[in-house]
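To keep things clear, I will list the structure first and then write my remarks on it.
The values are calculated or read from the model by the stated rules, or taken from the named source; none is laboratory data. Just so you know, these numbers come straight off a predicted model, no measurement behind them. Virtual Cβ from ideal backbone geometry, glycine too; neighbours counted across all protein chains shown.
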Amino acid sequence: MAFMKVRKAVFPAAGMGTRFLPATKATPKEMLPLVDKPLIQYGVEEAVAAGCEEIIIVTGRGKTTMEDHFDKSAELEASLEARGKTALLEVARSVSKLAKITYTRQAEALGLGHAVLQAKALVGDEPFAVILPDDIVDANVACMKQMVDAFNETQSSILGSEIVEGDAISAYGCLDCTPDANNPKLLAVKDMVEKPKPGTQPSQNAIIGRYILTPRIFEMLETITPGAGGELQLTDGIKALLQYEKVYGFTYEGKRHDAGDKLGFLKATVEFALKHDDLGPKFREWLKTFPI
Ligand code: UTP
């Protein structure tokens, strides 16, 4: 079979963001800013760093600010240019030049699997990345780049994974897996359990919001029935895929923040602010004086 390359990345961004109400009542969760960039921009930059040439955002009602964000803003650029604000002009321009972005809609939030299925026609018959924009991964080498490198080795679906200690794993999809003899970061997946009851987890390897999937996943998503919460679950689709193809977990290097959750978002904000070139030093000084 011809060598398969990951050229496209799908961003499911049609969810309702209920954990972040009331902020997400009229503003998409994906547009909440982490310091000075909306969450989804971090994900798009990661996909670009991984070599993806086409970005497909699955969006929904009330989410058009995402499209405006990645579009050219003629008025803003003209105004910044007229006032000689060249550095800011470059910031504004670079966002619209990040990648070729296409949008498709999920009419109803029927689950992550259903959201991915909406991208079928735009992806076509090739492997693709999936990035959940509320999982922000801070890494020296972009998490998806690490996964693409692993995919180039295996030519099989890859699920981003990390060790979650103890019963905290019960909040995640969990892998029943064995480490690959040659590359211990690769985990050969035997089965997957969604949110295992404490004490019943087959491993401490959790699935995070990063996937590379072969196009057969679409066939699987078309045949499975709604699972937990009446939603079409991506993990059920991947479980079905396991009957036909090898699937690997991949222990990435880096630190993930669940920015779709208020506490996770706050922690990510503090860490990213401390690392920020301009704001970091001043923020650090202020934090030291803050009475806790
Ligand atoms: P989440 O479960 O984290 O997002 O889904 P949510 O449903 O928006 O948030 P809560 O749980 O109500 O707070 C992970 C990603 O999948 C997308 C979401 O937009 C998010 O980026 N998603 C989820 C969809 O695109 N469609 C869906 O039907 C469900």
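A compact table of results
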{"quantity": "Residues that are in contact with an Asp or Glu (Cβ under 6 Å, 6 or more places away or on another chain), within 16 Å of the ligand (Cβ to nearest atom) and at pLDDT 95 or above, drawn from the range 207-233", "calculated": "I208, G209, I224"}
{"quantity": "Test result for A109, at pLDDT below 95 and within 25 Å of L263 (Cα to Cα)", "calculated": "yes"}
{"quantity": "Matching residues in the range 7-41 - criterion: being touching a strand residue (DSSP E or B) at 6+ places or on another chain (Cβ under 7 Å) and surrounded by fewer than 23 Cβ atoms within 10 Å (Cβ to Cβ)", "calculated": "R7, K8, M31, L32, L34"}
{"quantity": "Which listed residue is buried (at least 17 other Cβ atoms within 10 Å of the Cβ) and among the hydrophobic types (A, V, I, L, M, F, W, C), from A119, A78", "calculated": "A119"}
{"quantity": "Members of the range 203-254 that are among the hydroxyl-bearing types (S, T, Y) and in contact (Cβ under 8 Å) with a residue 40 or more places away in the chain", "calculated": "Y211, T214, T235, Y248, T251, Y252"}
{"quantity": "Single residue of the range 105-116 satisfying the filter (more than 8 Å from the ligand (Cβ to nearest atom) and buried (at least 17 other Cβ atoms within 10 Å of the Cβ)) that is farthest from the chain's Cα centre (by Cα)", "calculated": "G113"}
{"quantity": "Any hit, the range 127-136, residues being surrounded by fewer than 14 Cβ atoms within 10 Å (Cβ to Cβ), away from the ligand (no atom under 16 Å from the Cβ) and not basic (K, R)", "calculated": "no"}
{"quantity": "Hey, A259 small (G, A, S), closer than 25 Å to G51 by Cβ and in contact with a Leu (Cβ under 9 Å, 6 or more places away or on another chain) or not", "calculated": "yes"}
{"quantity": "Selected residue (criterion: farthest from the chain's Cα centre (by Cα)) from residues of the range 42-74 that are among the small types (G, A, S), surrounded by 14 or more Cβ atoms within 10 Å (Cβ to Cβ) and in a helix (DSSP H, G or I)", "calculated": "A49"}
{"quantity": "Subset of the range 200-228 [among the polar types (S, T, N, Q), under 13 Å from T251 (Cα atoms) and in contact with a helix residue (DSSP H, G or I) (Cβ under 6 Å, 6 or more places away or on another chain)]", "calculated": "Q204"}
